[in-house]
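First the structure, in the form of structure tokens, and then the observations on it.
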Amino acid sequence: MASLYHRARVMTCAGSGADPLGLITDGAVLCEGGRVVWVGPDEDADAASRALDVVVAERVDLGGRLLTPGLVDCHTHAVFAGDRSDEFAMRARGAGYLEIAKAGGGIAATLGPTRAATDADLERLTVDRLVAARATGTTTAEVKSGYDLTIAGEQRLLRVIARAGAQAGVAVVPTLLCHVIPPERKADRDVYVRELAEVLVPAVAAGGLATAVDIYCDDGAFTRDETATVLGAARGAGLAVKAHAGQFSDQGAAELCAELGALSVDHVEQVSDAGIAALAAAGTVAVMLPGACVQLRLPPPPVARLRAAGVPLAVASDLNPGSSYSSSLPLQMWMATTHFAMSVEEAWLGVTRVAARALGLSDRGMLAPGARADLVAWNAEHPAAIPYQYGANLVDRVLVA
Ligand code: NIG
Ligand code: FE
């Protein structure tokens, strides 16, 4: 039994050349068993369903609306408890993110409430955030651990993430994030890093709790050598790798990540020409996080240089309690196009096809036969409308698989 979504302006995100978004003005999408089986002009839909021997049980008339792949948020920290709105107010008065972190705020301020929260509380908080993300078009979200930072606690967060995704009706991709050295381990930092590499990473791999390991390589977080130790262990355990890098200073993580065949490096406000060349050669995605960048009043990443070198650019929410408390990808698209000087096409591909690539997923982020039937219909006709009318929720309906 198949469903036909027709009378739509279909944006496949599977185009190329002059038409990267792959627009079909009077288009239709045929789905069966949670997958897309055909995409094309409306007038060919009936012939296609006959040729494919598919019985169309449901016809959904989209009235000329824009129909796109479900959005993929490839970088979130959706599992946390506690409230840091006080830090937002302090920054609004001019305090810096690193200054607040050094005074006991920042990531460390979320550890206590998260560790103290029950599984049920964390699950409910995460489901609520994922449901909100879905309402603005997100159908797949990567969710990182990273707000417990003990060996057992990080594994607990990864289990909560998997359960929350199933409840929220959003496909989740759990990632182990080695975020910072927790305050109680500052004195035996080397031992902690060894535990990450020799105990936590292998346990996460053996338990199938995550498919990738992320680490924050920056001022106030992990050094380049520590990053190499942890990500090396992840590769050894058969996990994909990625890093938060160069938000405040360039520690050479882009070069290291490229060497390790990382899926992505994220933030990269600070990155050298050598780092950019290495990312391009490795095909590593650079994930732009404009919400965090704008909110922390940081200089934007070198988008023009990344583009010129051919580095694939994704755009994500960085949903987290410190620097970017929003799950809305349309809002990020607005900041990407206005503050980061990305084109509308780049912003769209950044939250669809390239975002899927940053997660190592090839079955979503575009509408093509075989892809997951994750679709969003928008109360809009043109792709530009979504960032253009920022702050408005133009979602008409969201379909997951
Ligand atoms: O991606 N940069 C590191 N982590 C988050 C911020 C986390 C927090 O402040 O709680 C980020 O921006
Ligand atoms: Fe982040």
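Which of the residues that make up the range 137-158 are at negative phi, within 15 Å of ligand 1 (Cβ to nearest atom) and hydrophobic (A, V, I, L, M, F, W, C)?
Matches in the range 137-158: Ala141, Val143, Leu157.
Matching residues to (1) polar (S, T, N, Q); (2) closer than 24 Å to Val131 by Cβ; (3) out of contact with any helix residue (DSSP H, G or I) (no Cβ under 8 Å at 6 or more places or on another chain); (4) within 16 Å of ligand 1 (Cβ to nearest atom):
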residue	(1), (2), (3), (4)
Ala309	no, no, no, no
Ala316	no, yes, no, yes
Asn320	yes, yes, no, yes
Leu331	no, yes, no, yes
Thr338	yes, no, no, no
Leu349	no, no, yes, no
Asn379	yes, yes, yes, no
Gly391	no, yes, no, no
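Can you name the residue in the range 139-150 that is closer than 24 Å to Leu263 by Cβ and without any contact (Cβ under 8 Å) to a residue 60 or more places away in the chain and is also surrounded by the fewest Cβ atoms within 10 Å (Cβ to Cβ) among such residues? Full working, then the answer.
As a first pass, look at the range 139-150 and keep what is closer than 24 Å to Leu263 by Cβ: 139-149.
Adding the requirement that they be without any contact (Cβ under 8 Å) to a residue 60 or more places away in the chain leaves 148-149.
Values: Asp148: 23, Leu149: 26.
Looking at residues that are closer than 24 Å to Leu263 by Cβ and without any contact (Cβ under 8 Å) to a residue 60 or more places away in the chain, I get Asp148.
On the given criteria, is Ala358 over 17 Å from the mean Cα position of the chain (by Cα) and among the small types (Gly, Ala, Ser)?
no
A quick yes/no check of all residues on (1) surrounded by 17 or more Cβ atoms within 10 Å (Cβ to Cβ); (2) out of contact with any Gly (no Cβ under 7 Å at 6 or more places or on another chain):
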residue: Ala8; (1), (2): yes, no
residue: Gly17; (1), (2): no, yes
residue: Leu30; (1), (2): yes, yes
residue: Gly33; (1), (2): no, yes
residue: Ala48; (1), (2): yes, no
residue: Val55; (1), (2): no, yes
residue: Leu62; (1), (2): yes, yes
residue: Leu71; (1), (2): yes, no
residue: Cys74; (1), (2): yes, yes
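If the Cβ limit is 6 Å and pairs must be 6+ apart or interchain, which residue in the range 229-248 that is closer than 9 Å to Ala197 by Cβ pairs with which residue that is polar (S, T, N, Q) and more than 12 Å from ligand 2 (Cβ to nearest atom)?
Listed pairs, sorted by first residue: none to list.
Quick one: in the range 325-350, of everything that is over 21 Å from Ala254 (Cα atoms) and in contact with a Cys (Cβ under 9 Å, 6 or more places away or on another chain), which residue is nearest to ligand 2 (Cβ to nearest atom)?
Met335
Those residues that are within 16 Å of ligand 2 (Cβ to nearest atom) and under 26 Å from Val173 (Cβ atoms), I need them from the range 47-91; list them, please.
Hits for the range 47-91 are Val72, Asp73, Cys74, His75, Thr76, His77, Ala78, Val79, Phe80, Arg84.
Closer than 30 Å to Asp396 by Cα and out of contact with any Lys or Arg (no Cβ under 8 Å at 6 or more places or on another chain): is that true of Thr126 in this structure?
So Thr126 fits the description; yes.
Only one of (1) outside the structural domain of His77 (by TED's automatic domain parsing); (2) surrounded by 22 or more Cβ atoms within 10 Å (Cβ to Cβ); (3) not in a helix (DSSP H, G or I) is not met by Ile386, so which one is it?
(3)
Checking the structure you have, find out if any residue of the range 293-307 is touching a Lys or Arg at 6+ places or on another chain (Cβ under 7 Å) and away from ligand 2 (no atom under 16 Å from the Cβ).
no
Name the one entry in Ala308, Ala281, Ala277 that is hydrophobic (A, V, I, L, M, F, W, C) and touching a residue at least 24 places away in the same chain (Cβ under 8 Å).
From the options Ala308, Ala281, Ala277, the qualifying one is Ala277.
Got a number for residues in the range 162-191 being without any contact (Cβ under 8 Å) to a residue 60 or more places away in the chain and under 18 Å from Gln251 (Cβ atoms)?
4
Here's the yes/no breakdown for (1) within 16 Å of ligand 2 (Cβ to nearest atom); (2) among the charged types (D, E, K, R):
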{"position": "Arg156", "(1), (2)": "no, yes"}
{"position": "Val160", "(1), (2)": "no, no"}
{"position": "Ala164", "(1), (2)": "no, no"}
{"position": "Val172", "(1), (2)": "yes, no"}
{"position": "Leu177", "(1), (2)": "yes, no"}
{"position": "Val180", "(1), (2)": "yes, no"}
{"position": "Glu195", "(1), (2)": "no, yes"}
{"position": "Ala203", "(1), (2)": "no, no"}
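Within the range 46-57, is even one residue β-branched (Val, Ile, Thr), in the same structural domain as Gly291 (by TED's automatic domain parsing) and outside any strand (DSSP E or B)?
Looking only at the range 46-57, we keep the residues that are β-branched (Val, Ile, Thr), and these are 54-56.
Filter once more, keeping what is in the same structural domain as Gly291 (by TED's automatic domain parsing): none.
So far as the range 46-57 goes, no, none of its residues is β-branched (Val, Ile, Thr), in the same structural domain as Gly291 (by TED's automatic domain parsing) and outside any strand (DSSP E or B).
Quick check, is Gly283 closer than 19 Å to Ala356 by Cβ, surrounded by fewer than 23 Cβ atoms within 10 Å (Cβ to Cβ) and touching a Pro at 6+ places or on another chain (Cβ under 9 Å)?
Yes; evaluated as a whole, the condition is true for this residue.
(1) of a type in the set (Asp, Glu); (2) assigned by TED's automatic domain parsing to the domain that holds Arg9; (3) outside any loop (DSSP other than H, G, I, E, B): which one isn't true of Glu381, the others all being true?
It fails just one condition, (3).
Name the residue, out of Val294, Val287, that is among the β-branched types (Val, Ile, Thr), in a helix (DSSP H, G or I) and either at pLDDT 95 or above or over 24 Å from Tyr388 (Cα atoms) (or both).
None of the others qualify; the one that does is Val294.
The values are calculated or read from the model by the stated rules, or taken from the named source; none is laboratory data. Just so it is clear, the model here is predicted, and its values are computed rather than measured. All Cβ positions, glycine included, derive from the backbone under ideal geometry; neighbour counts span all protein chains shown.
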